[in-house]
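Here's the structure, in structure tokens; my notes come after.
The values are calculated or read from the model by the stated rules, or taken from the named source; none is laboratory data. Since this is a predicted model, take the numbers as computed values, not measurements. Reconstructed Cβ throughout: ideal geometry from the backbone, glycine too, with neighbour counts over all protein chains shown.
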Amino acid sequence: MTNASYDVLGIGNAIVDVISRADDAFLAANGLGKGAMTLIDEARAEALYGLMGPGRESSGGSAGNTIAGLASLGGKAAYIGLVRDDQLGNIFRHDIRAAGVAFDTPAAKSGPSTARCLIFVTPDAQRTMQTYLGACVELGPDQVDAARVGAAQITYLEGYLWDKPAAKDAFRKAVEVAHKAGRKVSLTLSDSFCVGRHRAEFRDLVENHVDVLFANEAEILSLYETKNFEEVLPHLRAKPQRIAAVTRSEKGSVAIGNGEVHAVPALAGVKVVDTTGAGDLYAAGFLHGLTTGRDLATCAKLGSICAGEIISHYGARPETGLREFAARHLA
């Protein structure tokens, strides 16, 4: 096996995040379910965008946030995702490259416009997301660069990809290419509703094709249809060579693998401002730890540190260099 050119390659829904503050009255007036992610059509996206207050636009999507975080830590990162050749597509491409991520997927020249996620953050730090998926769900096997997958230590896939047949085929191609090259595959379950839609298929993926699994507590309970976290542990320990990292909000996280179980606390002293991207940045820290040879407990601690930085401000991108931030807190 040749040396890897990239630490992590992310494949996911390429979405431009638009983040703005809102209050509960605004959510109620516009029929937005607080704390939920709702899929909307382009007309609804345009209408809500017009109602939003001042916002911040950046390349986003779950895997995109993770990969940008990994680059901020000093990791070698690449990304595959589909945008349209329009204004938001250009914003996505420029922003993710500016973050230090290799991104060369050609833009679609026809079809739906670039995806966007309108994120309304209330004073209690809850995020309410209205997502128009647009071009990103047109991702298929043709966009999966086999050479780039084979050149990455870990290929990181988001569960949201499993919603469309062509994206499923892209997912399967990436898994096959990565394993044939002797590389590892990582999956984030993305959302408990996503797990509910695809539980049987996700169980098969986790048991037979995934080397590194990320989930929050609600997602992992949904996957194994259990009522409490203790009932999940035997499932996660059943395959010792697989690594699993489960985030538990203020309880921190649990990392499982190689016959080990490590409970790691959340970063202390953080005032929660916006939980957008917390799980994504946890994965960034954890994956950076794995690809630089850290033990599982340190990987989880790096995840907590990165998540702690993200929830201390608005948006899913770090406001300080994560490499220096992590080094300071690890010390």
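I need the full set of residues from region 13-28 which are under 14 Å from residue 117 (Cα atoms), outside any strand (DSSP E or B) and of a type in the set (Gly, Ala, Ser), in order please. Once the filter is applied, which keeps residues that are under 14 Å from residue 117 (Cα atoms), outside any strand (DSSP E or B) and of a type in the set (Gly, Ala, Ser), region 13-28 yields only 14.
Inspect region 302-313 for any residue being in contact with a His (Cβ under 7 Å, 6 or more places away or on another chain) and more than 22 Å from residue 95 (Cα to Cα) and give the result as yes or no. Yes: region 302-313 contains one or more residues that are in contact with a His (Cβ under 7 Å, 6 or more places away or on another chain) and more than 22 Å from residue 95 (Cα to Cα). Determine the pairs where a residue that is at positive phi, located within region 309-326, has a partner that is buried (at least 21 other Cβ atoms within 10 Å of the Cβ) with Cβ atoms under 6 Å apart, the partner being 6 or more residues away or on another chain. Listed pairs, sorted by first residue: 315/19.
From the list 20, 59, 72, the lone residue that is surrounded by 14 or more Cβ atoms within 10 Å (Cβ to Cβ), among the polar types (S, T, N, Q) and modelled with pLDDT of 95 or more is 72.
So if I check each of 196, 269, 257, which one is free of Cβ contacts under 8 Å to residues at least 24 places away in the same chain, small (Gly, Ala, Ser) and within 28 Å of residue 316 (Cβ to Cβ)?
Values: 196 fails: free of Cβ contacts under 8 Å to residues at least 24 places away in the same chain; 257 fails: free of Cβ contacts under 8 Å to residues at least 24 places away in the same chain.
When all the criteria are applied, what remains is 269.
Residue by residue through region 46-68, note down the ones that are assigned to a loop (DSSP other than H, G, I, E, B) and within 27 Å of residue 186 (Cβ to Cβ).
The initial filter retains those residues of region 46-68 that are assigned to a loop (DSSP other than H, G, I, E, B), namely 52-54, 61.
Scanning region 46-68 gives a single hit, 61.
Give the residue that is farthest from residue 265 (Cα to Cα), with candidates limited to residues of region 306-331 that are surrounded by fewer than 22 Cβ atoms within 10 Å (Cβ to Cβ) and among the charged types (D, E, K, R). Within region 306-331, the match that is farthest from residue 265 (Cα to Cα) is 319.
Looking at region 293-331 only, could you name the residues that are among the polar types (S, T, N, Q) and either at pLDDT below 95 or closer than 15 Å to residue 67 by Cα (or both)? Give the steps one after another, and end with the answer.
First pass over region 293-331, keeping only residues among the polar types (S, T, N, Q): 298, 304, 312, 320.
Scanning region 293-331 gives 312, 320.
Is it the case that residue 238 is over 29 Å from residue 123 (Cα atoms) and either basic (Lys, Arg) or at pLDDT 95 or above (or both)? When the stated conditions are applied, residue 238 does not pass them.
Between 43, 4, 71, the distinction of being farther than 27 Å from residue 175 by Cβ and not in a strand (DSSP E or B) belongs to 43 only. The conditions of being of a type in the set (Val, Ile, Thr), under 30 Å from residue 183 (Cα atoms) and in contact (Cβ under 8 Å) with a residue 12 or more places away in the chain are met by residue 105. Taking each residue of region 28-48 that is of a type in the set (Asp, Glu) and looking for partners that are part of a helix (DSSP H, G or I) with beta-carbon atoms closer than 9 Å, six or more apart or interchain, yields 42/134.
Restricting the search to helices (runs of 4 or more DSSP H) fully inside region 205-305 and requiring at least 3 residues that are surrounded by fewer than 23 Cβ atoms within 10 Å (Cβ to Cβ) gives 217-224, 229-237.
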